[in-house]
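Asks: Okay, here's the structure, questions in a sec.
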Amino acid sequence: MDDLDRDLLSALRHNSRTSVSSLAAATGASRATVAARIDRLVENGTITGFTIRTGHEGRAAGVRAIVMIEVLGRLADRVADQLRGLPQVRALHSTNGKWDFIAELESHDLVGFDETLRRIRLIDGINTTESNILLKTSKTGF
């Protein structure tokens, strides 16, 4: 995964309906390159589907959580690439202190959340995790 792949994933997370032409213009790559990259990301399982996000009221049925992640040694870049590739990871933050990353997860249900957490824990280089399910959000945005 390189910078173009990450840029495409970021743009598609923001708006999964973004056209190939718009993605090409935003990244400076050709339409053919963008289309081929998206196809490859789908084929290798990095992209498992295209979806929409609804407003706050539409999120009530899902499971949202934060997962604090400690990485072994100098594997942070590789771990971050793999975490960014998981569609359930809505945001990934690098931090200081005990935890190297905080991942914001969103899943349809607890079974999906458990599966995502299992996949995260199997990533080579992750030493330990701590997760907290978000129960209620009283303020969003800045």
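The values are calculated or read from the model by the stated rules, or taken from the named source; none is laboratory data. None of the values given here were measured: they were computed from a predicted structure. With ideal geometry, Cβ positions are generated from the backbone for all residues, glycine too; neighbour counts draw on all protein chains shown. Protein only, heavy atoms only, side chains kept; ligands, DNA and RNA dropped before computing areas. Shrake-Rupley method; radii C 1.70, N 1.55, O 1.52, S 1.80 Å.
Asks: Between Ser30 and Ala76, what is the label-point separation in nm under the 7 Å Cα-to-beta-carbon projection?
Replies: Placing both labels 7 Å beyond Cα along the Cβ direction yields 3.8 nm.
Asks: Rounded to the nearest 500, what is the 222 nm mean residue ellipticity of the chain from helices alone, with -39500 (n - 2.57) per DSSP H run of 4+ residues and division by all residues?
Replies: Computed mean residue ellipticity for the chain: -11500 deg cm²/dmol.
Asks: Let me ask you something else. Anyone know which of Ser19, Ser107, Ser131 comes out most mobile in the 10 Å Cα GNM of the chain?
Replies: Ser19
Asks: Within the set of other residues whose C-beta is less than 11 Å from the C-beta of Phe50, count the net charge using Lys and Arg as +1 and Asp and Glu as -1.
Replies: Residues near Phe50 contribute +2 overall.
Asks: Given (1) 14.7; (2) 19.6; (3) 16.3, which label gives Kirkwood radius over Cα pairs in Å as computed from the coordinates?
Replies: For Kirkwood radius over Cα pairs in Å, the calculated option is (3).
Asks: Among all stretches of the chain without exposed trypsin sites (Lys or Arg not before Pro) (DSSP loop, at most 11 other Cβ atoms within 10 Å), which one is longest?
Replies: 18-73
Asks: Let me ask something additional. Ser10 to Thr128: extension gain in nm, 0.36 nm per residue of separation minus the Cα-Cα distance?
Replies: The span from Ser10 to Thr128 would gain 39.9 nm if fully extended.
Asks: Please report, as a whole percent, how much of the solvent-accessible surface of the chain comes from carbon and sulfur atoms (probe radius 1.4 Å). Display every interim value, and only then the final one.
Replies: Values: 4530 of 9100 Å².
Solvent-exposed carbon and sulfur of the chain make up 50 percent of the total.
Asks: I want to check the label-to-label distance for Arg118 and Ser138. Put each point 7 Å from Cα in the C-beta direction and report it in nm to one decimal.
Replies: 3.6 nm
Asks: Here's something else I'd like to know. Taking a probe of 1.4 Å, how large is the accessible area per residue of the chain, in Å²?
Replies: Computed with neighbouring chains in place, this is 64 Å² per residue.
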